[in-house]
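The block underneath contains the structure these notes are about, expressed in structure tokens.
The values are calculated or read from the model by the stated rules, or taken from the named source; none is laboratory data. Just so it is clear, the model here is predicted, and its values are computed rather than measured. As a convention, Cβ positions derive from the backbone with ideal geometry for all residues, glycine included, and neighbour counts pool all protein chains shown. Just so you know, the surface numbers come from the protein's heavy atoms only, side chains and all, with ligands and any DNA or RNA stripped out. Shrake-Rupley method; radii C 1.70, N 1.55, O 1.52, S 1.80 Å.
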There are 2 protein chains.
Amino acid sequence: MKPTVLIYDTTLRDGAQAEDLNFSVEDKIRVARKLDEFGVHYIEGGWPGSNPRDVEFFREMRRVKLKRAKLAAFGSTRRARLKASEDPSLKSLATSGAPVATIFGKTWDLHVLKALKTTLNENLAMIEDSVAFLKEQMDEVIYDAEHFFDGYKANPDYAIETLLAAEAAGADCLVLCDTNGGALPHEVEEIIVRVSSIIGTPFGIHAHNDGELAVANSLAAVRRGAVMVHGTINGYGERCGNANLCAIIPDLKIKMGIDCVTDASLRRLREMSRYVDELANLPHRKWSPFVGDSAFAHKGGVHVDAVSKIPRTYEHIIPEQVGNRRRILISDLAGKSNILQKAAELGLTVKKGSPELAEILKKIKQLENEGYEFEGAEGSLELLMLRARHSYQSVFAMFDRIDYRVLTEKRKVDPHPVSEATVTVEVGGQVEHTAAWGNGPINALDKALRKVLPKYFPGRGLDTIRLLDYKVRVLTAAEGTAARVRVLIESGDGKSKWGTVGVSENVIEASWQALVDSIEYKLLRTAKKGRKA
Amino acid sequence: MKPTVLIYDTTLRDGAQAEDLNFSVEDKIRVARKLDEFGVHYIEGGWPGSNPRDVEFFREMRRVKLKRAKLAAFGSTRRARLKASEDPSLKSLATSGAPVATIFGKTWDLHVLKALKTTLNENLAMIEDSVAFLKEQMDEVIYDAEHFFDGYKANPDYAIETLLAAEAAGADCLVLCDTNGGALPHEVEEIIVRVSSIIGTPFGIHAHNDGELAVANSLAAVRRGAVMVHGTINGYGERCGNANLCAIIPDLKIKMGIDCVTDASLRRLREMSRYVDELANLPHRKWSPFVGDSAFAHKGGVHVDAVSKIPRTYEHIIPEQVGNRRRILISDLAGKSNILQKAAELGLTVKKGSPELAEILKKIKQLENEGYEFEGAEGSLELLMLRARHSYQSVFAMFDRIDYRVLTEKRKVDPHPVSEATVTVEVGGQVEHTAAWGNGPINALDKALRKVLPKYFPGRGLDTIRLLDYKVRVLTAAEGTAARVRVLIESGDGKSKWGTVGVSENVIEASWQALVDSIEYKLLRTAKKGRKA
């Protein structure tokens, strides 16, 4: 089946305008390969005329064979009063090696007169000349009508004229851009109905999310005949981001029945999303539709019970269609069905009606009453479930912690506070006593522990553990009594992440519990792997 | 002008279903007060029948006088084959003290038959009886038609019947819920056009974001006559979240010309958003439309140049309309007008163009670069502003802190960790050296400080200060470098509350900064009162 809508990814160009997002050339090549493998139709790689990094990217991409995606180079129409063939920016597109050029031109008379400071006629000539020049040099030319909707609202006739100029010069696709991201879906529909009655060239949509409507505007355009959708993975982009392909693709395919990527690609959507997160070094947005960790997470007991019997009662699609999965969150509403499902998720066999299950439930309730919280602390939860087994002690009790002391000090003579920890640990009958400095008390305790443990657990990757996040929350602050604090630690080893939790009136003790759980969990996982091998 | 659309906030109920979001009763009361001040029409506080925390919230709220928002208690229709007057859940609504009850009932025949395991007729009776019972007991009853759109697609006639049952019993508003979040805007419009030709009662919309369409679905419903919009601040909620009021409110007001909150409230939208972030202890989503740090941030040179001359070239609205500001990412300039506004709020006179203002701005920029955050830490902000004055030193510099040491220790023989602090303080030329035990290191430091200070500041109420909340957040966790932490402390003296902030690589030092600010702030306020008296 031929695709009905073409997916044009601009993560590497417009997406890279996001605050905090910086791709190296190497990153960009990896993302391009992954996008190709995933199955988008176009990959906009950058603006070779604007910076040396993009020039290098296109140079490197000459050696990369894409399976089916077409590589596009981005640029603007020629400068005013310059021949297209002499415009350096257009030449850089023609020599980029990419088969497709995407150039943007001005739609909005305000921009032509005040920003470009040229005439309305010269702008039309700039569009026509530039498209015509590139059509001679490249396989395909896509024309981006910048500020199309704002321009149309200000001066509809002129906006249409700019499209007709690009069409006359032979543009293969006219893309209507909501550059400022402020358009509403019904406006997009109304304007497109008018425009599509005048132009004959296939058209596309390029939306931004400033009104939190980029996905809706893209779908509205498709409903009115757009055959190309521009967007980015995870919606990364300047200001509030571009239209999010990770929502548009499943909305089109699953909900509107419009083909764009294969079913197999759709099942890799979450993988694609996480890949870009990782290369961009940005934290995963867990609440992201379709691909987020929380997208199919259920908390309330009523929901959990119903969804385990009939998924569609509380799930709008089957999570596996987009490569995601259902998660049951453990909260104070936890019932037995939550625990059983959770155990299954973690790969543990806990039998319905077993004394073990009763033990786990009792323990969770007790700990939750004390203020523990297992959402986001799956590492601690798995340990808790294992500890409820009689067999656990002998197999996994790997070290016994005895004493710790941690001192933090600041003196007037030195503005930098120092922390020093001493730890006494018993491992397999041996008592180890050591000390370490740290940037803070938790860091010092962590360092001291990891000075001792690796020699007892060689090759188990204890040195690869990193503290990724550390959160503290006060639980009760009843007057006159000491407040309990809950510490949630997220750790990672470069491959995976796990959360652990500790609760105490003392923040150091709560942190220590979470820290020890994190290390024990890592040991547990490496032990598991060992047994499987 | 009467509002055309009523804003119904469910941050405290449906929003609290978000993974990682846990509000204490105290948090909930603070959010409710802030929402009232901000100007939403309804505040859904919780589900008193489902958990003790919500029962306590409603009990506490009896003592809170809301200016104009109505408090709503949430619950479900009566159980099958039970009298409404004997249903414990309905009774808990009637006795909650809230003037408004919002109850949900089943629309979708699948849910009635398979989840509730009752008959279609009994479900209609459950809706009618429950609404009728609550109408006798409360000022207003809102009926939430759960799974309305999915139910309508499965069995339109039955879906309409459920609405008619609620209408017959006198419901004041019928809210159409897209519980699973999978509806598309054009479906919402089509279904509403049909429904609104049959029902006579005012209706509302309650959307979830599973297709990244919650805002669009809410706007579509309003275009077709909905007069109430349910949503949450920042779109917090289960799975992918609820409809985001921080986008819907400005979309309605600025773009669609529909009144809902005042212009003055709109200018406090960002403040409202950040307040909930801080109390929820969740990181700010900087790319959020309208309210995010990046929402009006410009990176590209072309954009920056154009936008500085004519803002609307690259900004869909004026950022100040929603209390946000433009940021130029290369040279970030903190808004002077924000500072002037804030100073006026705090009762300080800072003159436009004064060197004092320049000094404050410079200091804020520097501290924000280091990771300080003054939202929710107004105590520290006020101190910062005062410290920029030359006159401050002599009037308010009340004590000089010199050294501290804090030790936390746990030994195998005793499961309770102990913390001991020693503090050396100079007050008015006198050096004091003292020590104290505490439940944790911060508590020990606090106690040691307060052993010394009262004798120098008698009658200033230092003994009345209580630590109400203590939050820690990791700011950066770049590999190989130490993470900075930000500590936010909320203190109270029984009459009022104030927040202070500290930042350091060391959690003890960051806590110490916030603690000292808290005490200094208390002294400052009692000094002010003294002068006024």
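Can you find, among B:Ile254, A:Ile318, A:Met228, the residue sitting farthest towards the positive end of the charge dipole of the protein assembly as shown, where Lys and Arg contribute +1 and Asp and Glu -1 at Cβ?
In the protein assembly as shown, that residue is A:Ile318.
So, in nm, how far is label B:Lys412 from label A:Leu282 when the simple model puts each one 7 Å beyond its Cα toward the Cβ?
In this crude label model, B:Lys412 to A:Leu282 measures out at 5.0 nm.
Before anything else, pin down the relative contact order of chain B: Cα pairs under 8 Å, at least 6 apart, normalised by residue count, whole percent.
Relative contact order, chain B: 9 percent.
Under a crude label model (7 Å from the Cα following the beta-carbon direction), how far is B:Asp259 from A:Ile198 in nanometres?
Spacing of the two 7 Å Cα→Cβ label points: 3.7 nm.
How do A:Lys34, A:Lys114, A:Lys363, A:Lys342 rank by accessible surface area computed with a 1.4 Å probe, from largest to smallest?
Solvent-accessible surface, decreasing: A:Lys114, A:Lys363, A:Lys34, A:Lys342.
Starting from a label point 7 Å past Cα on the Cβ side, list the distances from A:Ile199 to the same position in the other copies, nm, shortest first.
4.1
Could you give the distance between the Cα centres of the range A:1-30 and the range B:26-63, to the whole Å?
Measuring centre to centre over Cα atoms gives 44 Å.
Assuming R0 = 56 Å, what is the FRET efficiency of B:Glu136 and A:Glu136, from their Cβ-Cβ distance, to the nearest 0.05?
For R0 = 56 Å, the calculated efficiency reads 0.10.
Between B:Glu320 and B:Gln366, with labels modelled 7 Å along Cα→Cβ, what's the label distance in nm to one decimal, could you check?
2.8 nm
Whole number please: convex hull volume per residue of the Cα set in the range B:140-233, in Å³?
About 83 Å³ per residue, rounded to a whole number.
When you look at the Cβ of every residue in A:507-516, what mean number of other chain Cβ atoms sits within 10 Å?
So the per-residue partner count for this stretch is 4.
Report, largest value first, the span of the C-alpha coordinates of the range A:1-99 along each principal axis, in whole Å.
Cα extents, longest axis first: 44, 35, 27 Å.
In bins 10 Å wide, starting from 0, what share of all Cα pairs of the range A:6-280 does each bin hold, as a percent?
7, 32, 38, 20, 3, 0
So for chain B, taking the charge dipole from beta-carbon charges (+1 Lys/Arg, -1 Asp/Glu), which of B:Pro417, B:Cys177, B:Met126 sits furthest toward the positive end?
The listed residue farthest towards the positive side: B:Pro417.
Taking a label point 7 Å from the Cα of A:Arg53 along the Cα→Cβ vector, which residues of the range A:1-41 have an amide N closer than 11 Å to it?
Inside the label zone: A:13, A:16-18, A:20-28.
What are the label-to-label distances in nm, one decimal and shortest first, from B:Ser354 to the same spot in the other copies, with labels 7 Å along Cα to Cβ?
Output for B:Ser354: 7.1 nm, nearest copy listed first.
To the nearest 10 square angstrom, what accessible area does B:Trp498 show with a 1.4 Å probe?
Rounded to the nearest 10, the figure is 10 Å².
Give me the one-decimal Kirkwood hydrodynamic radius in Å for chain B, with the sum taken over alpha-carbon pairs.
Kirkwood radius, chain B: 25.8 Å.
Tell me, what % of the accessible area of the range B:395-532 is carbon and sulfur with a 1.4 angstrom probe?
Of the solvent-accessible surface of the range B:395-532, carbon and sulfur hold 50 percent.
Using a label position 7 Å from Cα in the Cα→Cβ direction, what is the ascending list of nm distances from B:Glu56 to the same site in the other copies?
Shortest to longest, the spacings are 5.7 nm.
Residue by residue through B:411-419, how many Cβ atoms from other chains fall within 10 Å of the Cβ on average?
4
Using a 1.4 Å probe on protein heavy atoms only, how many Å² of accessible area do B and A hide from each other, summed over both chains and rounded to 100?
8900 Å²
Could you state the accessible area per residue of chain B in Å², with a 1.4 Å probe and every protein chain left in place?
Ligands and nucleic acids excluded, the result is 39 Å² per residue.
For the protein assembly as shown, just run the numbers: alpha carbon Rg, then divide by 2.2 N^0.38 Å, N being how many residues it has.
Here the Cα radius of gyration is 0.97 times the empirical estimate.
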